[in-house]
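**Student:** I'd like to ask some things about the structure below.
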Amino acid sequence: MAKISYYTEEGLTRLRTELSDLKTKGRADIARQIAEARDKGDLSENAEYDAAKDAQGLLELKISKLEDIVANARILDESTVDTSQVSVLSKVKIKNKRNGAEMTYTLVSEEEADLKLGRISVSSPIGKGLLGKKVGEVAEIKVPAGMMEFEVIDIGR
């Protein structure tokens, strides 16, 4: 069964654009590389041809995965996000109990995650640990460095 993922409208549009580019420009580029390599002679000893065919296989795999993601994607209206607990598209302010540092993150799908923009994946250890928490609750999260405790200070959109 396919996994349904939730996206912002902007995130889903970006995925659809990438898929379209791969299907058109990406396939055309690979076809040109294969044709150029084929023109160079004997295919049994043509490393350039083999590399182009491998690249074609990888491109088709990426297209297939993106098609699956887009087919099972749902747009989540940010105005309907329940702010009583942490969920997908919640903007959550947390405090590290160990050092007192405060951070604000928006929980998004894996494909939209970008730490520089303050967007973390709901499938990341911190994202999973925060899901369902309410303001004032403490999330104990196992990270590569060990156990960390984060207090949920605020939940918004």
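**Student:** With only Lys, Arg, Asp and Glu charged, each at its Cβ (+1 for the first two, -1 for the last two), find how big the charge dipole of the stretch 24-157 is about the Cα centre; round to the nearest 20 debye.
**Tutor:** Charge dipole, the stretch 24-157, about its Cα centre: 620 debye, nearest 20.
**Student:** Going by average Cβ density within 10 Å per residue, which order do the peptides 104-115, 64-75, 138-149 take, highest to lowest?
**Tutor:** 104-115, 64-75, 138-149
**Student:** How big is the Rg/Rh ratio for the chain, C-alpha atoms only, Rh by Kirkwood, two decimals?
**Tutor:** Using only Cα positions, Rg/Rh for the chain is 1.18.
**Student:** I would also like to ask the following. Suppose all protein chains stay in the model; what accessible area per residue would a 1.4 Å probe give for the chain, in Å²?
**Tutor:** Result: 62 Å² of accessible area for each residue.
**Student:** Shifting gears a bit: Taking R0 as 41 Å, what FRET efficiency do you get between residue 21 and residue 135 from their Cβ-Cβ distance, rounded to the nearest 0.05?
**Tutor:** 0.50
**Student:** Taking all protein chains as present, what is the carbon and sulfur share of the accessible area of the stretch 23-92, in % to the nearest whole number, probe 1.4 Å?
**Tutor:** Carbon and sulfur together cover 50 percent of it.
**Student:** Checking the table 93/128; 62/91; 3/97 against a 27 Å threshold on Cα-Cα, which pairs fail?
**Tutor:** Correct reply: 62/91; 3/97.
**Student:** What distance in nm separates the simple spin-label points at residue 153 and residue 67, each placed 7 Å from Cα in the Cβ direction?
**Tutor:** It works out to 4.7 nm between the two label points.
**Student:** When each pair of different Cα atoms in the stretch 76-157 is counted once in the 1/r mean, what is the Kirkwood radius in angstroms, to one decimal?
**Tutor:** 12.5
**Student:** Here's another thing I want to ask about it. Quick check: pseudo-label points 7 Å beyond the Cα along Cα→Cβ at residue 98 and residue 35, how many nm apart are they?
**Tutor:** In this crude spin-label approximation the distance works out to 5.7 nm.
The values are calculated or read from the model by the stated rules, or taken from the named source; none is laboratory data. For clarity, every value in this text was computed on a predicted model and none was experimentally measured. All Cβ positions, glycine included, derive from the backbone under ideal geometry; neighbour counts span all protein chains shown. Surface accessibility is based on the protein's heavy atoms, side chains included, excluding ligands, DNA and RNA. Shrake-Rupley method; radii C 1.70, N 1.55, O 1.52, S 1.80 Å.
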